[in-house]
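The values are calculated or read from the model by the stated rules, or taken from the named source; none is laboratory data. It should be emphasised that the depicted structure is a prediction, and the values quoted were computed from it without experimental measurement. Here the Cβ is made from the backbone with ideal geometry for all residues, glycine too, and neighbour counts use every protein chain on show. With ligands, DNA and RNA removed, areas are computed over all heavy atoms of the protein, side chains included. Shrake-Rupley method; radii C 1.70, N 1.55, O 1.52, S 1.80 Å.
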Amino acid sequence: DSGVTQTPKHLITATGQRVTLRCSPRSGDLSVYWYQQSLDQGLQFLIQYYNGEERAKGNILERFSAQQFPDLHSELNLSSLELGDSALYFCASSPGMDRITTTDTQYFGPGTRLTVL
Amino acid sequence: AQSVAQPEDQVNVAEGNPLTVKCTYSVSGNPYLFWYVQYPNRGLQFLLKYITGDNLVKGSYGFEAEFNKSQTSFHLKKPSALVSDSALYFCAVRPPYGNNRLAFGKGNQVVVIP
């Protein structure tokens, strides 16, 4: 168990809908990362937050957004869902430091499996 | 931009034999390299990382990896494979500057045959 929790484990929804995925980082970790794992794209970095602020953006669609709250949990919001958004969404956390890059290890949660019908 | 290549889709090995999972990388500057393992319906578990120093890195569950700068490789190894090592293995890289995003390879399915 990495200490990173994600809810829900599974989510089934319809095209055009909006969902929210939730992540609680390991105790003491300030950085949260979101990744998408799909069969065709593999594991792709979406976005990173550090202590409530966005730090880096990857291949994240404009229909997707995220935030990190004062208690450091993070939410990934996916809207206007399409069939191609079906994937496993992972959250990871690391201690983070108040500078851009560190030697931190990212520890991953169990993921949320999203199925769009 | 950084990238990782894991050339084999599946690695089959007999239980008790040595296991090697190959990884080559491309990144500007000295790389930070990681191996993760994913069991069915589970998240990614961290195995080991190379930041600097000794080219041979030891990690969890008896795994080790060798960093080779001239060949831009970071192959994962285990001297004696167990059936329980059957899983999906991912290599990842990021540069020592900029942000902390990891670039992952496509993953290698390892099947250990009893």
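Exactly one residue out of A:75, A:54 is open to solvent by 30 Å² or more (accessible area, probe 1.4 Å), under 20 Å from residue A:26 (Cα atoms) and within 12 Å of another protein chain (Cβ to nearest Cβ): that is A:54.
Given the criteria surrounded by 16 or more Cβ atoms within 10 Å (Cβ to Cβ) and modelled with pLDDT under 95, does residue A:30 qualify? The answer is yes for residue A:30.
Among strands (runs of 3 or more DSSP E) lying entirely in the range B:40-114, which contain 2 or more residues that are away from chain A (no Cβ under 14 Å)?
Ranges flagged: B:56-58, B:64-68, B:73-78, B:108-113.
Hey, any hits in the range A:16-38 for a residue that's within 11 Å of chain B (Cβ to nearest Cβ), over 14 Å from residue A:74 (Cβ atoms) and not in a strand (DSSP E or B)? No - not one qualifying residue is present in the range A:16-38.
Scoring residue B:85 on the criteria (1) more than 29 Å from residue A:31 (Cβ to Cβ); (2) open to solvent by 20 Å² or more (accessible area, probe 1.4 Å); (3) in contact with a helix residue (DSSP H, G or I) (Cβ under 8 Å, 6 or more places away or on another chain) leaves a single failure, condition (2).
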